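Working notes for the structure below.
Every read-out reported here was derived from the displayed coordinates using simple, explicitly stated rules and does not represent laboratory data. Just so you know, these numbers come straight off a predicted model, no measurement behind them. Positions of Cβ are backbone-derived with ideal geometry, glycine not excepted, and every protein chain shown enters the neighbour counts.
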Amino acid sequence: MTNYNKNTLKIYIVEDEPLILETIKILVEEGGFQVCGTSDNAQEAIFDIDQLQPNLVLLDIILEGELDGVDLANRIRAKHNIPFIFLTSLSDEDTLKRVNETNSSGFIVKPFNENTLIANIELALYKHYLSNTNLSLEQESDSFFIKYKGEFLKINKNDILYFEAYDNYCYVHTITKKHLISHSLKSVEQKLPKSKFLRVHRSYIINFSKIDSIQEGYVYIQKHKISVSKSHKEALMTTLNLL
């Protein structure tokens with residue numbers, strides 16, 4: 001099992017209010033990330049970002065000097081493949097329009113708390129990581145990655161027993177444990193290889209190579225009893241007949 005440790009990820013902060021800057025720095029470090037540098041203006045930040053190569057930049061919009069945070073964001077986007085999040089007290093229509101045009105990874109309105117800040121950072125890094133590695137459940141590889149407690153865990157497809165819906169999320173049950181992942185069962189189904197996984201109920205997708213037995217309305221995988229709906233029964237039996 002491979003992990004992607006957030007403690008190795010570097011955050012750069014651009015904020016021109018010293019007290020707010022120090023608060024953000026503390027929150028980021030308490031959240032488990034490194035702060036590789038800070039600045040109170042765009043020009044210095046451009047130079048630092050070139051040198052330090054952070055994994056993510058936190059940007060205040062209102063900065064002293066010719067360039068504000070939105071201008072800086074556009075410079076970052078043009079030169080670097082890194083995500084950035086705006087931290088601001090502004091939420092007017094014109095500001096939001098400029099922000100939206102930068103394709104930012106987030107927009108957090110001040111004041112904010114540690115949970116809000118860290119959750120947005122983790123989400124931005126997670127999406128950026130996935131978009132750049134093109135990791136997908138559809139890949140021909142025998143494994144994929146999920147985000148779990150601040151890390152990216154590698155899971156072998158052959159270790160998966162079944163997926164279980166949980167509100168807008170779902171659990172992936174493996175031979176040894178289960179993990180909650182931030183995808184709906186429907187979105188997971190669209191990415192799974194149909195040669196190996198099959199939906200048998202609105203709440204379940206199974207690895208049909210792991211089936212131990214079938215009874216009326218249920219399949220058994222190890223000690224798990226999984227419902228099979230009438231609408232999915234025919235597809236299940238057809239699949240099994242092909243094995």
(message) Just want the answer: with Cβ charges of +1 for Lys and Arg and -1 for Asp and Glu, which residue in Thr239, Ile214, Ser187 is farthest toward the dipole's positive end in the stretch 143-242?
(response) Ser187
(message) Going through the cross-link list Lys10/Lys178; Lys110/Lys178; Lys157/Lys225; Lys25/Lys178; Lys194/Lys233; Lys127/Lys225, which pairs have a Cα-Cα distance over 26 Å in this structure?
(response) Lys10/Lys178; Lys110/Lys178; Lys25/Lys178; Lys127/Lys225
(message) Only four residue types carry charge here, +1 at the Cβ of Lys and Arg and -1 at the Cβ of Asp and Glu. Report the dipole size of the chain about the Cα centre in Debye, rounded to the nearest 20.
(response) 2080 debye
(request) Using only the alpha carbon atoms of the stretch 147-243, find the Kirkwood hydrodynamic radius as the inverse mean reciprocal pair distance, in angstroms to one decimal. (result) 13.7 Å
(request) Could you rank the peptides 35-43, 113-121 by their average count of other C-beta atoms within 10 Å per residue, with the highest value first? (result) 35-43, 113-121
(message) Please compute the modelled spin-label separation between Asp167 and Lys25, points set 7 Å along Cα→Cβ, answer in nm with one decimal.
(response) 3.7 nm
(request) Take every Cα-Cα pair in the stretch 6-133 and report what % of them are more than 21 Å apart. (result) 31 percent
(request) Give the long-range amide H neighbours of Thr174: residues separated by 5 or more places, or on another chain, with amide H under 5 Å away, using H modelled in the peptide plane at 1.01 Å from N. (result) Leu161, His179
(request) Could you list Tyr129, Tyr220 in order of exposure, starting from the residue whose Cβ has the fewest other Cβ atoms within 10 Å? (result) Tyr220, Tyr129
(message) Along the Cα→Cβ direction, 7 angstrom out, place labels at Asn74 and Thr116. What is the inter-label distance in nm?
(response) 2.8 nm
(message) I'd like the antiparallel share, as a percent to the nearest 5, of DSSP beta bridges with both residues in the chain.
(response) 60 percent
(message) I need the phi-derived Karplus couplings for the stretch 200-213: 6.51 cos²θ - 1.76 cosθ + 1.60, θ = phi - 60°, integer Hz, Gly and Pro marked x.
(response) 10, 6, 4, 10, 9, 10, 10, 8, 6, 6, 9, 5, 9, 7
(request) Could you list Leu67, Leu180 in order of exposure, starting from the residue whose Cβ has the fewest other Cβ atoms within 10 Å? (result) Leu180, Leu67
(request) Using only C-alpha atoms and all pairs of different ones, pull out the Kirkwood radius for the chain in Å with one decimal. (result) 20.4 Å
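When the helix-only estimate is applied to the chain (DSSP H runs of n ≥ 4, each -39,500 (n - 2.57), divided by the residue count), what is the mean residue ellipticity at 222 nm, nearest 500 deg cm²/dmol?
-10500 deg cm²/dmol
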(message) Taking the beta-carbon count within 10 Å as an exposure proxy, list Asp50, Asp159 from fewest neighbours to most.
(response) Asp50, Asp159
(message) So for the stretch 143-242, averaging the separation of alpha carbon pairs under 8 Å that are six or more residues apart and normalising by length, what relative contact order in percent results?
(response) 17 percent
(request) Apply the membrane-span-like helix rule to the chain: whole DSSP H runs, Cα extent along the own long axis of at least 20 Å, mean Kyte-Doolittle hydropathy at least -0.5. List the helices found. (result) 114-133
(request) Would you calculate the separation in nanometres between label points at Glu216 and Ser229, each defined as 7 Å from the Cα along the Cα-to-beta-carbon direction? (result) 2.1 nm
